[in-house]
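The values are calculated or read from the model by the stated rules, or taken from the named source; none is laboratory data. Fair warning: this is a prediction, and the values are worked out from it, not measured in the lab. Methodologically, a virtual Cβ is constructed for each residue, glycine included, from the backbone with ideal geometry; neighbour enumeration extends over all protein chains shown.
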Amino acid sequence: MKLKVSCDLHFQTSETSVLIFMLRPFRGCQQWVSHESFTLEPCLPIMESTDSLGNACQRLLVSGGDVFIRTASEVLVDAQVDVQPGAEFVEIQHLPHEVMPYLLPSRYCESDRFGDLARQITLDASPGYDQVGKIAAWVTENIQYLPGSSEFPLSASEVHLQGHGVCRDLAQMAIALCRSISIPARLVVGYLYNLQPMDLHAWFEAYVGGRWYTFDPTQNSLQGGRVIIAFGRDAADVAIFHQFGVGCVLNSMDVRVELLDN
């Protein structure tokens, strides 16, 4: 399916600030970017780089006033998500080198604290994909998905105590549980077709059966139509924007996903 995705941002700055964005769709990973535009008002120099995880980053110096950013892309993606019940657990000694960071505890995914709970959740599941499925289902049933309920990232421990969160929070809870039983898992941010309410979205992937598989504890069924922007260990790696300096405020953000062709 072909989707047109866009994100409009309006910042108001009162003094010099540096902004770092992750707004351009990821290249590869079962998606093809056929057209892309990046508009900046006023016209200012912008530097682009690729971080250690392969995500495209844009860096901008602003000296005050209003800044408008609009990014839009047309992307070919799968209409359905690959599933593989029974896909086997990959022993740690056989994991690819690049997958290893997604096995360790991180700032928002304290996997070293959830081993007992994860083993309880997955007690009757076959090692691998089926364990991840049990974990995703447990998060869906036990952590309430409340869009707009948190303005900053919460750790998995905080989400577990609170009992509710935004998409990012539920994904990080599931990631911590997966890693606690030695299944690599990573956070994904991007767009989801027909998401309600519409916003940028977060889900997670787990490495089983020799590849990454998609899981989304915020959705009753695993839907396709996903445009990936970035991957990371947790929210610290994949923030859509960082601002450095005082006097910089995000006034508005408008996200749209439109179906162009089935």
Condition broken by V139, with the remaining ones in (1) within 23 Å of L192 (Cα to Cα); (2) touching a Ser or Thr at 6+ places or on another chain (Cβ under 7 Å) satisfied
(2)
Among the residues of segment 7-31 satisfying the criterion of being surrounded by fewer than 17 Cβ atoms within 10 Å (Cβ to Cβ) and among the hydroxyl-bearing types (S, T, Y), which is farthest from I46 (Cα to Cα)?
S14
In segment 237-262, which residue that is under 18 Å from Q58 (Cβ atoms) and among the aliphatic types (A, V, I, L, M) is modelled with the highest pLDDT?
V255
Are there any strands (runs of 3 or more DSSP E) wholly within segment 184-262 with 2 or more residues that are of a type in the set (S, T, N, Q) and crowded, with 18+ Cβ neighbours inside 10 Å, and if so which?
none
Consider segment 61-78. How many of its residues are part of a loop (DSSP other than H, G, I, E, B) and more than 18 Å from V5 (Cβ to Cβ)?
2
Among the residues of segment 96-106, are any in contact with a helix residue (DSSP H, G or I) (Cβ under 8 Å, 6 or more places away or on another chain), farther than 30 Å from H242 by Cβ and surrounded by 13 or more Cβ atoms within 10 Å (Cβ to Cβ)?
no
